[in-house]
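First comes the structure, then the notes that go with it.
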Amino acid sequence: MNRQSRNDPSSQKRRVSAHLADDLKTRYSTRAVPIRKGDSVRVLRGEFAGLEGKVDTIDRTHSRVFVEGMTREKTAGGKSSRLSVHASKVILTNLNLSDKWRSSLLEDKAKTARDRDTEEAA
């Protein structure tokens, strides 16, 4: 793989992160984590503010998240279309920890934060 293809923005995955809810923030000692399919989020702004649902898909190029339950009925055809919300307008309420790597990463972050706090207190 040459240098030019590695620096091509279309080949790089863009991380889409969101803030954690207060209880998760204290448990994992971090403010935000990348969103993944299967995470539960609460919409904070817009027409669907207050809606809680699971992440269906993520549009990485536009930093938008598709949440289950966010649909609008089309009047002409009777079809329903999925709506997206920007990642900055949602808050993560429950994380999908089926991936061992992700769960160990969060636990390690929390452990280092606890160790750092105990060093500062001493």
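At a glance:
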| read-out | value |
| --- | --- |
| Criterion: among the hydroxyl-bearing types (Ser, Thr, Tyr) and more than 15 Å from the chain's Cα centre (by Cα) - qualifying residue of Ser81, Ser88, Ser103 | Ser81 |
| Enumerated strands (runs of 3 or more DSSP E) restricted to the range 11-52, each holding at least 2 residues that are out of contact with any helix residue (DSSP H, G or I) (no Cβ under 8 Å at 6 or more places or on another chain) and at pLDDT below 95 | 32-34 |
| Qualifying residues in the range 79-113 (those that are more than 19 Å from Ala32 (Cβ to Cβ) and among the basic types (Lys, Arg)) - the one surrounded by the most Cβ atoms within 10 Å (Cβ to Cβ) | Arg82 |
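Each row is one residue, and each column tells you yes or no for (1) farther than 21 Å from Thr26 by Cβ; (2) in contact (Cβ under 8 Å) with a residue 40 or more places away in the chain; (3) of a type in the set (S, T, N, Q); (4) assigned to a helix (DSSP H, G or I).
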residue: Thr61; (1), (2), (3), (4): yes, yes, yes, no
residue: Val67; (1), (2), (3), (4): yes, no, no, no
residue: Thr75; (1), (2), (3), (4): yes, no, yes, no
residue: Ser84; (1), (2), (3), (4): yes, no, yes, no
residue: Thr93; (1), (2), (3), (4): no, yes, yes, no
residue: Leu97; (1), (2), (3), (4): no, no, no, no
residue: Leu106; (1), (2), (3), (4): no, yes, no, yes
residue: Ala113; (1), (2), (3), (4): no, yes, no, yes
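The values are calculated or read from the model by the stated rules, or taken from the named source; none is laboratory data. Since the model is a prediction, treat every value here as computed from it, not as a measurement. Glycine also receives a Cβ, built like all others from the backbone with ideal geometry; neighbour counts cover every protein chain displayed.
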